[in-house]
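The values are calculated or read from the model by the stated rules, or taken from the named source; none is laboratory data. Treat the numbers as computed from the prediction; the structure is a model and nothing was measured. In this analysis, Cβ positions are derived from the backbone assuming ideal geometry, glycine residues included, and neighbour counts consider all displayed protein chains.
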Amino acid sequence: MLRDRKSTRHEVGLLLLTRCATMTTKAVLLIGGPSKGTRFRPLSLDVPKPLFCVGGRPIIWHSLVALSHVQGLTEVLLIGFYDEAVINPFIKDASRDFPNLSIRYLREYQSLGTAGGLYHYRDVILKGNPSQIFVVHSDIVCGWPLEEMQKFHSGHRGVGTMMAVKVPKEEANKFGCVVIDPQTSQARHYVEKPEEFLSDTVNAGLYLFDSNLLFTSIRDAMDTKLKRSSDDPEATNDEQLRLEQDVLSPLAHTGKLYAYQTTSPWVQIKSAASAIPANALILASYKTTNPSLLRRRSPTILAKSRADYSKKKGPEIVEPCFIHEDAQIDDTAKIGPNVSIGSGVKVGFGSRIKESIILDNTVIDKNACVLYSIVGEECKIGPWARVEGAPLAGGQQQSIAILGKDVSVLKEVHIRSCIVLPSKVLSKSAKNEVLL
Ligand code: GTP
């Protein structure tokens, strides 16, 4: 009897795996537009947030790595309302990096909301009859348990599966909170940023939907919204339809939304400060899963200013780090852990960089120190200057230092936990300030 039950379970498992492998799946990345990502300023002033580099590559590039490994997934559609000219260079590069994926950008004529854009492009999404659709927010990085989600999704008859993660209780109301039936894994109640505590399990911004049922649910949500606005002329009559509030919340009450709970690492990139833990997460995960993505050449020696150092083989690197292959790092510098260094960066004699992102073409002069910071493109950090934030302590908000593009920090100046707007020259030390 026991053996029978075991083998039946085994067969069901095999059947689910076979179903996952033979299904056609598409993915949609919701990338928003220029009016989104305001909390990411000043870093989003020069580059759209989804294209900001963490772990050495644009945020959404990392989701493409994960999606490119899903069996039967051949098309990824980016939906947003940025100008095509801003997104198309990324599409070109990504199409080269992921030759097994067809990657396209579909532009909304205005912000249509997280469900409105999906509905507007439903014919393109449904072309080729995909049975399942991954919908991914562009502002998350995580362990991407996509195969596990597919198995979970195939085991229920709901409309969709939402990935859900636990966050500290005091942080929960900044997210979409979900109450989950522990027996069935159905999401019973879903509220976006509730005023009162509801649950510390939250929407992780990654979904898997049954294609046809998804669009039926969005259609129902649109009808409800239209009816509400015809019944009540005061009700908002914008064209936006939100996936979370307008579609998923009512769906939870019908028992047709399921939650896949995971302890897999996850970071949502809302504020500029959250790019630092996101960077660390990506570097740590590539270190174990795909070290080739942390590629770098033997570091170039900038200057052998002292004979003693001429025998050293290179700077001291505390892994994990991403160092672009054309960055030049002095032999005496110490870098890491959790540092990403972009193209054309020069790091001088005796410098120290830790838990930071240094963007393209920045110069860090001799004996400078950059800790828990994001340094924008084309900045200059003078000799013996110090740019630093503070590490995360006991659930507190991380206070990092952020320099916008083309900022110069002069010799010996100390910038601590400041946000600096682009093109500033800092000749005096500052602490906990926004420098406009
Ligand atoms: P808040 O969390 O409320 O600050 O807003 P947000 O825009 O940062 O996040 P939201 O939960 O609204 O969006 C989730 C994802 O959908 C993000 O990746 C956004 O870029 C994207 N998004 C938001 N609104 C739209 C929209 O109108 N159209 C498209 N295509 N994407 C959107």
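Brief remarks on what is shown
- Every condition in (1) assigned to a helix (DSSP H, G or I); (2) surrounded by fewer than 17 Cβ atoms within 10 Å (Cβ to Cβ); (3) hydrophobic (A, V, I, L, M, F, W, C) is met by PHE197 except one, and the failing one is (1).
- From the list ILE415, ILE374, the lone residue that is more than 18 Å from SER271 (Cβ to Cβ) and not in a loop (DSSP other than H, G, I, E, B) is ILE415.
- Test for ILE269: is it closer than 30 Å to THR289 by Cα, surrounded by 22 or more Cβ atoms within 10 Å (Cβ to Cβ) and within 14 Å of the ligand (Cβ to nearest atom): yes
- Region 106-143, subset among the charged types (D, E, K, R) and more than 8 Å from the ligand (Cβ to nearest atom), residue farthest from THR25 (Cα to Cα): ARG107
- The single condition among (1) in a loop (DSSP other than H, G, I, E, B); (2) at pLDDT 95 or above; (3) not polar (S, T, N, Q) that GLY394 does not meet is (2).
- Of all residues in region 227-239, none are crowded, with 17+ Cβ neighbours inside 10 Å and either within 20 Å of SER111 (Cα to Cα) or in contact (Cβ under 8 Å) with a residue 40 or more places away in the chain (or both).
- Failed item, numbered, when VAL167 is tested on (1) out of contact with any Ser or Thr (no Cβ under 7 Å at 6 or more places or on another chain); (2) of a type outside the set (Asp, Glu); (3) within 16 Å of the ligand (Cβ to nearest atom); (4) in contact (Cβ under 8 Å) with a residue 40 or more places away in the chain: (4)
- Residue match in region 205-216 (condition: touching a Gly at 6+ places or on another chain (Cβ under 6 Å), assigned to a strand (DSSP E or B) and farther than 20 Å from LYS166 by Cβ): yes
- Here ILE103 qualifies as within 16 Å of the ligand (Cβ to nearest atom), over 30 Å from LEU436 (Cβ atoms) and modelled with pLDDT of 75 or more.
- The criterion of being within 20 Å of VAL47 (Cα to Cα) and not β-branched (Val, Ile, Thr) does not hold for GLY314.
- Here ARG96 fulfils each of the conditions (1) away from the ligand (no atom under 16 Å from the Cβ); (2) under 19 Å from the mean Cα position of the chain (by Cα); (3) within 19 Å of PRO50 (Cα to Cα) apart from (2).
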